[in-house]
């Protein structure tokens, strides 16, 4: 299957400036393509996964991907899909963000393979040396304001009188057009890819290549990653889901995909994994027969957590998840348990209270806010609903002491199936 057909089958195809001509060109010889990633933060996020997976598919098909870090465009801010002006970043912030995302890109693109290695470029390298007057003469003169205003990314903001659009962000598409022109001229790049909200910027680059180089180049867009209800995928109550473990822990990353809605999960498996079509068909059949087993969510979480964070982090995240569903703590490492501490209510207790004979379990349960009173705690213990370190405890007179501490400082308490608390002794 050719790469365009695969993208269509996977749901990674939205539009193309000339699909038939591009398909013929792809069949002739390897093609160089690029996607841009503006370093607006020191990590990529789940929304960036679609172009990353698409670029990887092109590379696996023998083509040459370029990941463009927007050291220049990131200083300006892309108005596409934004209802308000971005905050401008300093040069130092942008440089730090670029350095941070380089390692994440290598999880998806192969920069070492000899036949068709990926490249990482920074558009500040060719944009910063160009003077303002030179840019106006060499780029600006090729675009009418009428043409630029007609683009959705600009028009939507201009129609909002409260938000509006600054001249800075209005000029963004010219900077991105200059990128495509430079990459076509210097590296023979013939294709720019991006999400559907990039269509205006992509076509601006195609126009500039035509006018200045008399060159044929193409644009290809992917659908925005959205849920079944139309909202953008990759957001939680706490904000974006990041690829950097310091921003979104591997456990939370794993859980985010484990909690994918039934209506979304098969689409996500097609778009965000390399699971084969035969496997997808089998998973879909098993999932339809028994949705409660969440086989599709488990495979999605496994594939993405392993790819983004590595197999070890996936195993730890899965183990932590099992513990919070009643699994044994036997053999669990401290790093894995630490993930749990951040996910359940935590309480502190003075070490002196667990020394000697220890603290009565009823007192500890109340201290951990699992029961409102010691009387209720006794009833729950007698009823078999209380667990210490995921082991059921039915002795009302039980005391919890130093020997019960996990890693010398933690006690994991559970009431019923899902009510957890961690007490940390210090």
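Given the criterion assigned by TED's automatic domain parsing to the domain that holds residue 98 and either modelled with pLDDT of 95 or more or out of contact with any helix residue (DSSP H, G or I) (no Cβ under 6 Å at 6 or more places or on another chain) (or both), identify the matching residue among 44, 12, 22, 49.
Details: 44 fails: either modelled with pLDDT of 95 or more or out of contact with any helix residue (DSSP H, G or I) (no Cβ under 6 Å at 6 or more places or on another chain) (or both); 12 fails: either modelled with pLDDT of 95 or more or out of contact with any helix residue (DSSP H, G or I) (no Cβ under 6 Å at 6 or more places or on another chain) (or both); 49 fails: either modelled with pLDDT of 95 or more or out of contact with any helix residue (DSSP H, G or I) (no Cβ under 6 Å at 6 or more places or on another chain) (or both).
So the residue among 44, 12, 22, 49 that is assigned by TED's automatic domain parsing to the domain that holds residue 98 and either modelled with pLDDT of 95 or more or out of contact with any helix residue (DSSP H, G or I) (no Cβ under 6 Å at 6 or more places or on another chain) (or both) is 22.
Name the single residue, out of those in segment 111-126 being at pLDDT below 95 and in contact with a helix residue (DSSP H, G or I) (Cβ under 7 Å, 6 or more places away or on another chain), that is nearest to residue 168 (Cα to Cα).
My answer is 123.
Of all the residues that make up segment 1-39, how many are surrounded by fewer than 18 Cβ atoms within 10 Å (Cβ to Cβ) and within 19 Å of the chain's Cα centre (by Cα)? Break it down stepwise before answering.
In the first step, residues of segment 1-39 are kept if they are surrounded by fewer than 18 Cβ atoms within 10 Å (Cβ to Cβ); the result is 1-2, 5-6, 8-9, 11, 14-15, 18-21, 23-25, 27-30.
Filter once more, keeping what is within 19 Å of the chain's Cα centre (by Cα): 11.
The qualifying residues number 1.
Look at segment 20-53 and say how many of its residues are without any contact (Cβ under 8 Å) to a residue 40 or more places away in the chain and not in a loop (DSSP other than H, G, I, E, B). Before the answer, list the steps.
Pass one, segment 20-53, residues without any contact (Cβ under 8 Å) to a residue 40 or more places away in the chain: 20, 23-24, 26-29.
In the following step, the residues that additionally are not in a loop (DSSP other than H, G, I, E, B) were identified as 20, 23-24, 26-28.
Qualifying residue count, segment 20-53: 6.
Hey, among the residues in segment 333-343 that are assigned to a loop (DSSP other than H, G, I, E, B) and loosely packed, with under 15 Cβ neighbours inside 10 Å, which one's farthest from the chain's Cα centre (by Cα)?
Taking segment 333-343 as the starting set, the residues that turn out to be assigned to a loop (DSSP other than H, G, I, E, B) are 333, 342-343.
Narrowing further to those that are loosely packed, with under 15 Cβ neighbours inside 10 Å: 333, 342.
Numbers: 333: 26, 342: 20 Å.
Filtering segment 333-343 for residues that are assigned to a loop (DSSP other than H, G, I, E, B) and loosely packed, with under 15 Cβ neighbours inside 10 Å, the one farthest from the chain's Cα centre (by Cα) comes out as 333.
Are any residues in segment 317-332 closer than 22 Å to residue 304 by Cα and part of a loop (DSSP other than H, G, I, E, B), and if so, which ones? If you could, list the steps in order and put the result at the bottom.
Quick first cut of segment 317-332, residues closer than 22 Å to residue 304 by Cα only: 317-325.
Scanning segment 317-332 gives 324, 325.
If you scan segment 311-331, which residues turn out to be in contact with a helix residue (DSSP H, G or I) (Cβ under 8 Å, 6 or more places away or on another chain) and without any contact (Cβ under 8 Å) to a residue 40 or more places away in the chain?
Listed by number, the list holds a single entry, 319.
Quick check, is residue 357 outside the structural domain of residue 324 (by TED's automatic domain parsing), modelled with pLDDT under 95, in contact with a strand residue (DSSP E or B) (Cβ under 9 Å, 6 or more places away or on another chain) and surrounded by fewer than 17 Cβ atoms within 10 Å (Cβ to Cβ)?
Numbers: outside the structural domain of residue 324 (by TED's automatic domain parsing): yes; modelled with pLDDT under 95: yes; in contact with a strand residue (DSSP E or B) (Cβ under 9 Å, 6 or more places away or on another chain): yes; surrounded by fewer than 17 Cβ atoms within 10 Å (Cβ to Cβ): yes.
Taking the combined requirement at face value, the residue satisfies it.
Can you name the condition, by its number, that residue 230 falls short on among (1) outside any loop (DSSP other than H, G, I, E, B); (2) surrounded by fewer than 15 Cβ atoms within 10 Å (Cβ to Cβ)?
Only one criterion is unmet by residue 230, namely (1).
Which one is farthest from residue 194 (Cα to Cα) among residues in segment 5-18 that are in contact (Cβ under 8 Å) with a residue 60 or more places away in the chain and assigned to a helix (DSSP H, G or I)? Break it down stepwise before answering.
We begin by selecting, within segment 5-18, every residue in contact (Cβ under 8 Å) with a residue 60 or more places away in the chain; these are 7, 9-18.
So of that shortlist, the ones also assigned to a helix (DSSP H, G or I) come out as 7, 9-10.
Numbers: 7: 13, 9: 18, 10: 16 Å.
In this case the residue turns out to be 9.
Report whether or not residue 260 is surrounded by fewer than 19 Cβ atoms within 10 Å (Cβ to Cβ), free of Cβ contacts under 8 Å to residues at least 60 places away in the same chain, touching a helix residue (DSSP H, G or I) at 6+ places or on another chain (Cβ under 8 Å) and not in a helix (DSSP H, G or I). Walk me through how you get there before you give the answer.
Numbers: surrounded by fewer than 19 Cβ atoms within 10 Å (Cβ to Cβ): no; free of Cβ contacts under 8 Å to residues at least 60 places away in the same chain: yes; touching a helix residue (DSSP H, G or I) at 6+ places or on another chain (Cβ under 8 Å): yes; not in a helix (DSSP H, G or I): yes.
Against the criterion (surrounded by fewer than 19 Cβ atoms within 10 Å (Cβ to Cβ), free of Cβ contacts under 8 Å to residues at least 60 places away in the same chain, touching a helix residue (DSSP H, G or I) at 6+ places or on another chain (Cβ under 8 Å) and not in a helix (DSSP H, G or I)), residue 260 does not qualify.
Can we say residue 425 is over 29 Å from residue 259 (Cβ atoms) and under 36 Å from the mean Cα position of the chain (by Cα)?
Yes.
Kindly provide the set of residues from segment 270-299 that are under 18 Å from the mean Cα position of the chain (by Cα) and farther than 21 Å from residue 109 by Cβ, ordered by number.
297, 298, 299
For segment 271-310, what are the residues that are within 18 Å of residue 248 (Cβ to Cβ) and either part of a helix (DSSP H, G or I) or in contact (Cβ under 8 Å) with a residue 60 or more places away in the chain (or both)? Explain how you work it out, then say what you get.
Of all residues in segment 271-310, those within 18 Å of residue 248 (Cβ to Cβ) come to 272, 297, 300-310.
Of everything in segment 271-310, those that are within 18 Å of residue 248 (Cβ to Cβ) and either part of a helix (DSSP H, G or I) or in contact (Cβ under 8 Å) with a residue 60 or more places away in the chain (or both) turn out to be 272, 297, 300, 301, 302, 303, 304, 305, 306, 307, 308, 309.
The values are calculated or read from the model by the stated rules, or taken from the named source; none is laboratory data. The structure presented is a predicted model; accordingly, all values stated were derived computationally and were not measured. Here the Cβ is made from the backbone with ideal geometry for all residues, glycine too, and neighbour counts use every protein chain on show.
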